[in-house]
Amino acid sequence: MQLIPLDFIIGMKTTPQRITPGIIRKCRARKVPVIWVDIMDADALTVIPWGWIREALNHYPITFVPFFSTEPDTQTRERHLRIWQNTMKSVKIPHIGVPIGQKVPLKPEVLRKIGIHPHRGILSPGREISYNLYLEKVPEGDLLVRDTQHVLKCTMSKGECLFLNGHPTAYRGKGEEIVIRTPGFFVEPTPYRL
């Protein structure tokens with residue numbers, strides 16, 4: 001068994017066909033705050049019993065995040081993301097509209113939806129400081145470009161450097177699981193129209 005040097009949150013990665021009320025209840029019992037759903041087969045989203053899924057999410061609003069098991073062409077990607085977003089909005093289930101990138105900082109709204117925000121991602125008196133430092137690379141010649149790259153330079157956890165310039169400096173057992181009591185607790189509710 002490999003020990004993890006960073007704090008972590010356990011999520012689930014699955015296909016649309018495996019999303020059932022029973023799976024949701026098991027995730028809720030184990031405090032799994034996020035489920036990644038493979039949307040390569042976007043048509044499978046239409047056969048999920050979303051009403052039952054929404055009912056199973058009662059009191060523990062798990063956030064659904066799309067991902068692609070294989071990278072599709074741009075047109076297919078856009079079509080599948082549009083189907084994902086329309087489906088999630090129509091069934092009123094907590095979700096993130098686009099895939100979350102790996103090795104990039106999470107946006108504050110993503111941190112809040114998953115439930116990480118009040119536990120991590122803020123500085124307040126009396127807390128041990130844990131953070132990642134990213135170098136933001138901007139392509140040469142264009143200072144107004146929006147496609148910047150984020151390169152992880154340093155990871156600090158509880159005052160100790162765990163990762164520096166692409167090399168791990170700590171290997172064993174520093175991390176602990178962060179249990180999310182209520183995902184999305186600090187997300188502003190969407191006003192419903194009558």
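The values are calculated or read from the model by the stated rules, or taken from the named source; none is laboratory data. Predicted, not measured: the structure shown is a model, and the values here were computed from it. Every residue, glycine among them, receives a Cβ derived from its backbone with ideal geometry; neighbour counts consider all protein chains shown. Keep in mind that these areas ignore ligands, DNA and RNA; they rest on the heavy atoms of the full protein, side chains included. Shrake-Rupley method; radii C 1.70, N 1.55, O 1.52, S 1.80 Å.
In region 11-33 there is no residue matching the filter, namely being in contact (Cβ under 8 Å) with a residue 60 or more places away in the chain, closer than 15 Å to Pro61 by Cβ and hydrophobic (A, V, I, L, M, F, W, C).
Applying the set (1) open to solvent by 10 Å² or more (accessible area, probe 1.4 Å); (2) in a helix (DSSP H, G or I); (3) under 26 Å from Glu109 (Cα atoms) to Leu45 leaves exactly one unmet item: (1). Of the residues making up region 79-97, those that are surrounded by 14 or more Cβ atoms within 10 Å (Cβ to Cβ) and either within 12 Å of the chain's Cα centre (by Cα) or small (Gly, Ala, Ser) (or both) are Pro94, His95, Ile96.
Scoring Gln102 on the criteria (1) open to solvent by 50 Å² or more (accessible area, probe 1.4 Å); (2) closer than 18 Å to Lys13 by Cβ; (3) not in a loop (DSSP other than H, G, I, E, B) leaves a single failure, condition (3).
Among the residues of region 11-27, the ones that are β-branched (Val, Ile, Thr) and open to solvent by 20 Å² or more (accessible area, probe 1.4 Å) come to 3 in all. Here the condition is being over 30 Å from Thr155 (Cβ atoms) and in a loop (DSSP other than H, G, I, E, B); of Ile24, Ile93, Ile83, it holds for Ile93 alone. For region 105-119, which residues satisfy the criterion of being open to solvent by 60 Å² or more (accessible area, probe 1.4 Å) and part of a helix (DSSP H, G or I)? Within region 105-119, Pro108, Glu109, Arg112, Lys113 meet the criteria. The residues on offer are Thr76, Thr70, Thr14, and the sole one that is hydroxyl-bearing (Ser, Thr, Tyr), modelled with pLDDT of 90 or more and within 20 Å of the chain's Cα centre (by Cα) is Thr14. When the residues of region 48-60 are filtered to those that are open to solvent by 40 Å² or more (accessible area, probe 1.4 Å) and not in a helix (DSSP H, G or I), the one that is modelled with the highest pLDDT is Pro49.
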